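> Have a look at the structure that comes next, please.
The values are calculated or read from the model by the stated rules, or taken from the named source; none is laboratory data. All values reported here derive from a predicted model rather than from experimental measurement. Cβ: placed from backbone, ideal geometry, glycine included. Neighbour counts: every protein chain shown. Areas reflect the complete protein model, heavy atoms only, side chains present, ligands, DNA and RNA absent. Shrake-Rupley method; radii C 1.70, N 1.55, O 1.52, S 1.80 Å.
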Amino acid sequence: MTQVPPYPTQLAGSSSLLAKYLTKDIFDKLCDKTTANGYTLAHAINSGVQNPDSGIGVYAADEESYDVFAALFDPIIYKYHGHAKEDKHQSDLNSVNLKAPNPDPTGKYILSTRIRVARNLRGVPLGTAIDKDQRDKIARDISAVLCGFTGELSGTYYSLSNMSEADRLSLVGDHFLFKAGDRYLESAGLNRHWPHGRGIFHNTDKTFLVWINEEDQLRIISMQSGGDIARVFERLATAIDMLSTKVQFAYSDHLGYITSCPTNLGTAMRASVHIRLPNLSKKSQELEAIAQIYHLQIRGIHGEHSSCQDGVYDISNKRRLGITEVRCVQDMHDGVVALIKREQELAL
Ligand code: ADP
Ligand code: ILO
């Protein structure tokens with residue numbers, strides 16, 4: 001008989017969505033449930049329990065996790081994305097529908113633009129429950145597909161196991177590669193067998209990159225210096241189209257692309273700029289207010305949970321589910337236009 005874990009009292013002082021929605025009643029209802037991949041409630045909540053400073057605190061292991069643990073995941077998804085149980089997701093990667101002229105043609109504010117989507121393969125457990133052989137197979141199969149890309153997208157796959165420490169640190173420092181040892185991922189089981197099966201594919205200019213087997217099996221990334229958001233989106237859409245002809249991704253009509261963290265469901269897209277806002281950085285309430293109007297998320301430029309330095313921010317779309325990819329990027333674009341306008345007014 002499986003042993004039922006006790007209610008995690010460590011959540012008492014946490015302001016995560018896990019702590020908010022994992023009432024004793026919900027816990028009792030879900031604590032003996034398991035998905036076909038052997039994923040339990042204890043697995044799903046471990047990251048939030050071990051890291052009480054989490055914003056969310058839960059991870060899934062498969063599409064089934066979102067059904068089996070729906071009593072916990074549904075309110076979290078609704079609170080984060082405003083997406084209700086009966087709502088459907090919709091996709092639009094057609095760059096013609098995006099109205100995004102460069103908000104900063106002289107390059108005074110925007111340092112760089114990056115758009116990424118997460119993808120996971122249909123029928124394979126997510127990184128939280130995947131085994132070593134399955135993970136290695138993904139790295140082999142996907143890198144082989146990517147190495148067949150031509151033109152602007154042609155590039156090379158670098159496995160983390162064979163990479164020198166100096167190369168790894170340089171790629172991380174230049175914002176191209178994921179960091180090692182994230183404690184939220186660690187307690188979610190996403191760092192098992194590290195660095196096996198992890199790697200990065202990129203083209204020569206490092207404008208097209210694919211992370212393999214980090215938080216999600218694939219993170220498909222388009223990025224470049226400056227604020228040409230439309231060009232970055234167009235490149236990403238082309239790469240996604242090409243990959244989609246070779247592999248089937250996990251997708252549901254309700255949740256869109258299935259990801260290990262519920263914040264990434266739907267489009268699984270984060271479109272961001274690194275932007276210099278020295279005057280607005282002294283008026284954090286105003287910055288927050290603009291972010292709220294345009295559905296923006298504000299981060300430091302060294303990844304999530306990093307803080308702002310010298311008035312430079314990572315500004316991205318916050319919503320991802322129930323809206324299209326074009327809408328995600330439009331949110332970011334329109335918000336950045338508003339931020340630059342206010343920054344200019346404050347400089348007068
Ligand atoms: P995610 O991969 O979920 O989008 P992170 O915040 O962890 O989120 O970012 C991963 C890496 O990408 C970090 O090194 C970050 O600095 C870099 N990055 C994010 N947005 C940009 C951007 N607009 N320009 C350059 N680098 C970026
Ligand atoms: N588990 C962390 C991160 C949540 C959102 N970010 C990512 C990378 N998925 C938390 O709950 O704060």
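> Got a sec? Which of S307, S272 is touching a strand residue (DSSP E or B) at 6+ places or on another chain (Cβ under 9 Å) and open to solvent by 10 Å² or more (accessible area, probe 1.4 Å)? Reasoning before the result, please.
Working: S272 fails: open to solvent by 10 Å² or more (accessible area, probe 1.4 Å).
Exactly one of S307, S272 is touching a strand residue (DSSP E or B) at 6+ places or on another chain (Cβ under 9 Å) and open to solvent by 10 Å² or more (accessible area, probe 1.4 Å), namely S307.
> Which helices (runs of 4 or more DSSP H) does segment 1-64 wholly contain that include 3 or more residues that are exposed (fewer than 14 other Cβ atoms within 10 Å of the Cβ)?
Values: elements: 17-21, 24-30, 41-50.
In segment 1-64, 24-30 are the helices (runs of 4 or more DSSP H) which contain 3 or more residues that are exposed (fewer than 14 other Cβ atoms within 10 Å of the Cβ).
Yes/no matrix, rows are residues, columns are (1) closer than 23 Å to G189 by Cα; (2) within 13 Å of ligand 1 (Cβ to nearest atom):
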{"site": "Y257", "(1), (2)": "yes, no"}
{"site": "P262", "(1), (2)": "yes, no"}
{"site": "T267", "(1), (2)": "no, yes"}
{"site": "I275", "(1), (2)": "no, yes"}
{"site": "R299", "(1), (2)": "no, yes"}
{"site": "S306", "(1), (2)": "yes, yes"}
{"site": "D310", "(1), (2)": "no, no"}
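> Quick one: would you say I290 is within 25 Å of N102 (Cα to Cα) and at pLDDT 95 or above? It would help to see each step written out before you state the result.
Values: within 25 Å of N102 (Cα to Cα): yes; at pLDDT 95 or above: yes.
Yes: the conditions hold for I290.
> Output the residues belonging to segment 105-120 that are of a type in the set (K, R) and open to solvent by 10 Å² or more (accessible area, probe 1.4 Å). Give the derivation first.
From segment 105-120, those of a type in the set (K, R) are 108, 114, 116, 119; that's our starting set.
Correct list: K108, R114, R116.
> Among (1) touching a Phe, Trp or Tyr at 6+ places or on another chain (Cβ under 8 Å); (2) assigned to a helix (DSSP H, G or I); (3) touching a residue at least 60 places away in the same chain (Cβ under 8 Å), which single condition is I301 missing?
Single failed check for I301: (2).
> When you go through D314, D310, D253 one by one, which is the residue that is under 14 Å from the mean Cα position of the chain (by Cα) and more than 18 Å from I220 (Cβ to Cβ)? Write out each step before concluding.
Details: D310 fails: under 14 Å from the mean Cα position of the chain (by Cα); D253 fails: under 14 Å from the mean Cα position of the chain (by Cα).
Answer to the check: D314.
> Now a separate question. Identify, by number, the condition in (1) open to solvent by less than 40 Å² (accessible area, probe 1.4 Å); (2) part of a loop (DSSP other than H, G, I, E, B); (3) over 20 Å from Y184 (Cβ atoms); (4) not polar (S, T, N, Q) that H333 doesn't meet.
If we test H333 against (1) open to solvent by less than 40 Å² (accessible area, probe 1.4 Å); (2) part of a loop (DSSP other than H, G, I, E, B); (3) over 20 Å from Y184 (Cβ atoms); (4) not polar (S, T, N, Q), just (2) comes out false.
Rundown of residues vs (1) under 21 Å from the mean Cα position of the chain (by Cα); (2) part of a loop (DSSP other than H, G, I, E, B); (3) under 30 Å from T40 (Cα atoms); (4) polar (S, T, N, Q), yes/no style:
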site	(1), (2), (3), (4)
I77	yes, no, yes, no
E86	no, yes, yes, no
D92	yes, yes, no, no
R116	yes, no, yes, no
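> Okay, moving on. Out of (1) at pLDDT below 95; (2) in contact with a strand residue (DSSP E or B) (Cβ under 7 Å, 6 or more places away or on another chain); (3) hydroxyl-bearing (S, T, Y), what's the single condition that is false for T259?
In the conditions (1) at pLDDT below 95; (2) in contact with a strand residue (DSSP E or B) (Cβ under 7 Å, 6 or more places away or on another chain); (3) hydroxyl-bearing (S, T, Y), T259 misses (1) alone.
> Just to be sure I understand the filter: pairs with C-beta atoms under 9 Å, separated by 6 or more residues or on different chains, first member in segment 170-189 and closer than 23 Å to I115 by Cα and free of Cβ contacts under 8 Å to residues at least 24 places away in the same chain, second member within 12 Å of ligand 1 (Cβ to nearest atom) and assigned to a helix (DSSP H, G or I). Which pairs pass?
A180/V172
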